[in-house]
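*Asks:* Sharing a structure with you now.
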Amino acid sequence: MKNLKINFISLGCPKNLVDTEVLIGKLNQGNISFTANPEEADVILINTCGFIEPAKEESIETILEAVKLKQNSNKKIIVTGCLVERYKQELEKEIPEVDYFIDLKNQSQIPVLFDIKPKENTKRIISTPKHTAYLKISEGCDHTCSFCAIPNIRGKHRSKPIEALVEEAKYLADLGVKELNIVSQDTSYYGYDLYGKPMLFELLRQLEKIDGIKWIRLYYLYPSTVDEDFFKFIKDSEKILHYIEMPIQHSEDKILKDMMRGYRKKKLYQILDWKEKYTPDMAIRSSVIVGYPMETEEDFESLKNFLQEAQFDWLGVFVYSHEEGTPAYQKHKDKIPKKEKIRRLNEISALQEGITEQKNKSLIGKELDIIIDGFSEEWETLPIGRSYRSAFEIDGIVYVETTEPVNVGDIIKVRIKDTIDKYDVVGEAE
């Protein structure tokens, strides 16, 4: 096999990024090297997302851009991931220029295409800055949310054993990782399939013992499996950040019932009460869907009122995507016009911008631990970082004024001075 340069493109969620990092680890041998420039690559390998319409469009556009680069060259294109799992036959028919479409169940065989014999226990190569990394604790999902195609793509919930996750986390810590970001399709459901009971707390206890890991951040919690004990546990932890990512999708009971979410508005109020009782400083990122087929103007106004009450720190707003194979696709017509969906999205986005801006203003004068992620592109010597309140590459950042040199990955005390825009703040190193 000649020397080969591979350009990896990973689209979609952090869980997909972990899959990409595992694949890079398996290919990191022999005469293979990696490049960030697709033009100089011999092979372009794209790990796609196929969750909702905008993600599918981005994946298709990325594939077509690679096809353009392939013209008049000997480049090879390999496409894998969720989009291929959902639409492999259609893709093979419509984009024959792609050399290989590899579905998820065969993803582990990609090294064979490079004459590499798959090995057990190869280590993933992290693509994030060395101080922060994702730990995927399970695959798939047992929930049957009416709008969601993930169970059809990724299958049933499958937890990784605690021992394997601890070993992986120790490996990451040895690389210099300080912030461990726990991801899955349903983090709060961890362990039921392997151990017959919830085991997230036990996993977290083991991860907390690892030297070098300073922060543990929890993503993708499902409201129906978040209880009072969860907040008690976080309150007593030294390493688990007072930050959770917990999509609610809607607030109104009839919508939640049709979405098959397994909880009602009363549970959301309970969660907010527990948060205030045990971890009042906790930052919550959530997400909602607007334009669900049953959503009336009254439902939409009630959702806005709930979000005003809830005061989430961060919020993702998505328009309903009518996905083939989902219960909602089979049951409903996508009857709300796109223009109306966009109006609703814009209204909630504006509402949340005001909430987030006020949350940031309330930080002025407070001292926070900030993890340094890098330096400003505009002011190259100005460090930028995040407090516990912000997830990597998702939420707002902190610009740090300091007279002392700092390095990427340092955790330093910073007093917040002012807001810069709706999402970012500036502070001075203590």
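Read the figures in this text as sums done on the coordinates, not as results from a lab. These numbers come from a predicted model, not from an experiment. Neighbour counts are summed over all protein chains in view; Cβ atoms, including those assigned to glycine, are modelled from backbone coordinates with ideal geometry.
*Asks:* Just in the stretch 76-181: which trypsin sites (Lys or Arg not before Pro) are loop by DSSP and have at most 12 other Cβ atoms within 10 Å?
*Replies:* K119, K156
*Asks:* If you take the square roots of the eigenvalues of the alpha-carbon gyration tensor of the stretch 367-429 and sort them as a ≥ b ≥ c, do you get rounded (a/c under 1.5), prolate (a/b over b/c) or oblate? Present the calculation step by step, with values, prior to reporting the outcome.
*Replies:* On the way: a/c = 1.22, a/b = 1.19, b/c = 1.02.
It is rounded, given that a/c, with a ≥ b ≥ c, falls under 1.5.
*Asks:* If you don't mind, another one. Under a no-solvent Debye model with one identical scatterer per Cα of the stretch 1-154, what's log10 I(q)/I(0) at q = 0.14, 0.20, 0.21 Å⁻¹?
*Replies:* Rounded to two decimals, the profile gives -0.70, -1.42, -1.54.
*Asks:* Nearest 5 is fine: what % of DSSP beta bridges in the chain come out antiparallel, could you say?
*Replies:* On the way: 18 of 60 bridges.
If we restrict to bridges inside the chain, about 30 percent are antiparallel.
*Asks:* Could I ask something else about it? Under 20 Å from the Cα of K214, which lysines turn up, not counting those fewer than eight places away in the same chain?
*Replies:* Hits, sequence-local ones excluded: K130, K136, K170, K178, K232, K235, K239, K413.
*Asks:* Can I ask one more? Among D142, D211, D313, which comes first, then next, by fewest other beta-carbon atoms within 10 Å?
*Replies:* On the way: D142 15, D211 8, D313 19.
Ordered from fewest to most neighbouring Cβ atoms within 10 Å, D142, D211, D313 come out as D211, D142, D313.
*Asks:* I would also like to ask the following. With the cut-off at 28 Å, tell me which of the pairs K341/K422; K265/K333; K304/K335; K335/K359 have Cα atoms farther apart than that. Kindly include the intermediate steps, with their values, before the conclusion.
*Replies:* Values: K341/K422 23 Å; K265/K333 25 Å; K304/K335 21 Å; K335/K359 36 Å.
Too far apart for the 28 Å limit: K335/K359.
*Asks:* For the stretch 14-107, which GluC sites (Glu not before Pro) are both in a DSSP coil and crowded by at most 14 other Cβ atoms within 10 Å? Walk me through the numbers on the way to the answer.
*Replies:* Numbers: sites: E21, E39, E40, E57, E58, E61, E65, E85, E90, E92, E94, E97; in loops: E97.
Sparse-neighbourhood loop GluC sites (Glu not before Pro): E97.
*Asks:* On to the next question. Report, in whole Å, the centroid distance computed from the Cα atoms of the stretch 378-430 and the stretch 1-69.
*Replies:* Value for the Cα centre distance between the two parts: 31 Å.
*Asks:* Calculate the translational D of the chain in whole µm² s⁻¹ from Stokes-Einstein, where the hydrodynamic radius comes from the Kirkwood formula applied to all Cα pairs, the temperature is 37 °C and the viscosity 0.692 mPa s. Present the calculation step by step, with values, prior to reporting the outcome.
*Replies:* On the way: Rh = 23.2 Å.
Calculated translational D: 141 µm²/s.
*Asks:* Among T356, T296, T402, T48, rank each residue by its count of other Cβ atoms within 10 Å, from fewest to most, as a rough exposure measure.
*Replies:* Working: T356 20, T296 12, T402 16, T48 28.
Fewest-to-most ranking of T356, T296, T402, T48: T296, T402, T356, T48.
*Asks:* I've got another one for you. Please work out the Cα center distance from the stretch 190-216 to the stretch 293-332, rounded to the nearest Å.
*Replies:* First find each Cα centre; the distance between them is then 32 Å.
*Asks:* How would you classify the stretch 32-120 from its alpha-carbon gyration tensor, with a ≥ b ≥ c the square roots of the eigenvalues: rounded for a/c under 1.5, else prolate if a/b is greater than b/c, otherwise oblate? Provide the component values of the computation, followed by the final result.
*Replies:* Working: a/c = 1.68, a/b = 1.12, b/c = 1.51.
Oblate is the answer for the stretch 32-120, as a/c is 1.5 or above yet b/c matches or exceeds a/b.
*Asks:* Next question. If R0 is 25 Å, what FRET efficiency do you get for N3 and E97 from their C-beta distance, rounded to 0.05?
*Replies:* Working: r = 24 Å, r/R0 = 0.95.
Using R0 = 25 Å, I get an efficiency of 0.55.
*Asks:* Evaluate the distance, in nm, between pseudo-label points positioned 7 Å from the Cα of Q270 and of S362 along their respective Cα→Cβ axes.
*Replies:* About 2.4 nm, to one decimal.
*Asks:* How long, wide and thick is the stretch 172-329, going by the Cα atoms along their three principal axes, in whole angstroms, largest first?
*Replies:* Cα spread of the stretch 172-329 along its principal axes, largest to smallest: 52, 36, 29 Å.
*Asks:* Right, next: Using 0.36 nm times the number of residues separating D418 and K209, minus their current alpha carbon distance, what extension gain do you get? Numbers along the way, then the final one.
*Replies:* On the way: separation 209, 0.36 × 209 = 75.24 nm, distance 3.60 nm.
Additional length available on full extension: 71.6 nm.
*Asks:* For the stretch 367-429, what's the relative contact order in percent, using C-alpha pairs closer than 8 Å and at least 6 residues apart? Don't skip to the answer; put the middle values down first.
*Replies:* Details: 133 pairs, mean separation 22.2, N = 63.
The normalised contact order for the stretch 367-429 reaches 35 percent.
*Asks:* Over the chain, what is the mean sequence separation of C-alpha contacts under 8 Å (at least six apart), divided by residue count, expressed as relative contact order in percent? Intermediate values should be presented prior to the final figure.
*Replies:* Details: 800 pairs, mean separation 42.5, N = 430.
Over the chain, the number comes to 10 percent.
*Asks:* Right, something else. Which lysines, if any, have their Cα less than 18 Å from the Cα of K88, not counting same-chain residues under 8 positions apart?
*Replies:* Straight-distance partners of K88: K56, K76, K105.
*Asks:* Give the cross-link partners of K366 among the aspartates and glutamates, using a straight C-alpha distance below 16 Å as the criterion and excluding same-chain residues fewer than 8 apart.
*Replies:* Candidates past the 8-residue exclusion: D281, E357, E401, D418, D424, E428, E430.
*Asks:* As a footprinting exposure proxy, order L64, L256, L113 by other Cβ within 10 Å, with the fewest listed first.
*Replies:* Exposure proxy ranking, most exposed first: L64, L113, L256.
*Asks:* Let me ask something else. Rounded if a/c is under 1.5, else prolate if a/b is larger than b/c, else oblate: which is the stretch 208-281, with a ≥ b ≥ c the root eigenvalues of its Cα gyration tensor? Intermediate results must be reported in sequence, preceding the final value.
*Replies:* Values: a/c = 3.18, a/b = 2.04, b/c = 1.56.
Here the stretch 208-281 falls in the prolate category.
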